[in-house]
Amino acid sequence: MMNLTRRRCLIVGGGPIAERKLRSLLGAGAEVTLVSPAFTAGILEMGNQQNVIVKKQSYDESIWTIHGEARFALVIAATNDAQVNRQIAQDANAHNLLVNIVDQPELSSFILPSVVRRGKLVITVSTGGASPSAARKIAKEIDKTYGDEYEIYLDFLSETRLFIQEHVKDKEARQGLFKDMLAWDLMPLIREGKFEDWKEKFNLALHGEAWMQSQGQVERGRPSWSFINEIGQHVLGGGDV
């Protein structure tokens, strides 16, 4: 996976496929320039965002210097003209840029997978260019399986993990705590709207643990989550993790 946060990307094309690619790149935090003689209503609406630049023109060499010396992180050709797409591939390669030619993997130096995002959870689906439609279909099925509750769940795991890393100095002890966390069946609490109350009790109990008071310098055994089933909900056992 490539970090596209605040990276400038180029899409040549203005149809539904270009719009879908634009949404995907914006979801990854990219700044996007689009070039096409015409655009969908959705692209024009997103063109009002600060991180989107819409250029109503046909493809030509001037595009490569549209931002002066700044280089594009990657290029996507999504026109309905195979000859233009092929020219874009050649020009992008000449500029040593990553290029994706929609529906022509043989001309592409990378493939954009279908993506399902739930906060820190990112699931990608790719068929290696064999069938982008199949990849999108599978991604939609995954999208139904992994709901918004996974964003809440992973935010909690991340916060707790960072807290443990700061307060427990022993690496083996930390790894044991991280492993035990994955056994907690928190999804029912999140789905039923009871998680925030449980989380508040969890944080109070965590800060009251003896091994927390000693800054992780445990004399006997290793730190544990012994208080988990004492804070109002039984979360140990099988779960959705």
task: Specify which residue in the list Tyr146, Thr124, Ser226 is farthest towards the positive end of the charge dipole of the chain, using unit charges on the beta carbon of Lys, Arg (+1) and Asp, Glu (-1), about the Cα centre.
output: Thr124
query: In straight Cα distance, which aspartates and glutamates are under 18 Å from Lys21, not counting same-chain residues fewer than 8 positions off?
result: Glu31, Glu45, Asp81, Asp103, Asp143
statement: In this structure, the FRET efficiency calculated for Leu204 and Met1 from their beta-carbon separation, with R0 = 35 Å, to the nearest 0.05, is 0.40
message: Can you tell me, using C-alpha contacts under 8 Å and at least 6 residues apart, the relative contact order of the chain as a whole percent?
response: 12 percent
field: Rounded if a/c under 1.5, otherwise prolate or oblate - segment 1-105, Cα gyration tensor axes
entry: rounded
- prompt: When the accessible area of the chain is split by element with a 1.4 Å probe, what percent falls to carbon and sulfur?
  reply: 48 percent
- request: May I ask for the longest run of the chain untouched by trypsin sites (Lys or Arg not before Pro) that are loop-located per DSSP and have at most 10 neighbouring C-beta atoms (other than their own) within 10 Å?
  value: 7-219
query: Which angle between 0 and 90 degrees, to the nearest 10, do you get for helix 195-208 versus the longest principal axis of the chain when only C-alpha atoms count?
result: 50 degrees
task: Calculate for the chain the 222 nm mean residue ellipticity that helices alone would give, adding -39,500 (n - 2.57) per DSSP H run of length 4 or more and normalising by residue count, nearest 500 deg cm²/dmol.
output: -12500 deg cm²/dmol
statement: Relative contact order in percent for segment 1-116 (Cα pairs under 8 Å, 6+ apart) equals 24 percent
- prompt: Where in segment 38-112 are there GluC sites (Glu not before Pro) that are in a DSSP coil and have at most 12 other Cβ atoms within 10 angstrom of their Cβ?
  reply: Glu69
- request: Pull up the cross-link candidates among the lysines for Lys194, meaning alpha carbon to alpha carbon under 23 Å and not fewer than 8 places away within one chain.
  value: Lys120, Lys144
message: Need the C-alpha centroid separation for segment 16-36 versus segment 57-105, integer Å.
response: 14 Å
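The values are calculated or read from the model by the stated rules, or taken from the named source; none is laboratory data. For clarity, every value in this text was computed on a predicted model and none was experimentally measured. Every residue, glycine as well, gets a Cβ built from its backbone with ideal geometry; the counts of neighbours run over all protein chains shown. All accessible areas refer to the heavy atoms of the entire protein, side chains included, with ligands and DNA or RNA removed. Shrake-Rupley method; radii C 1.70, N 1.55, O 1.52, S 1.80 Å.
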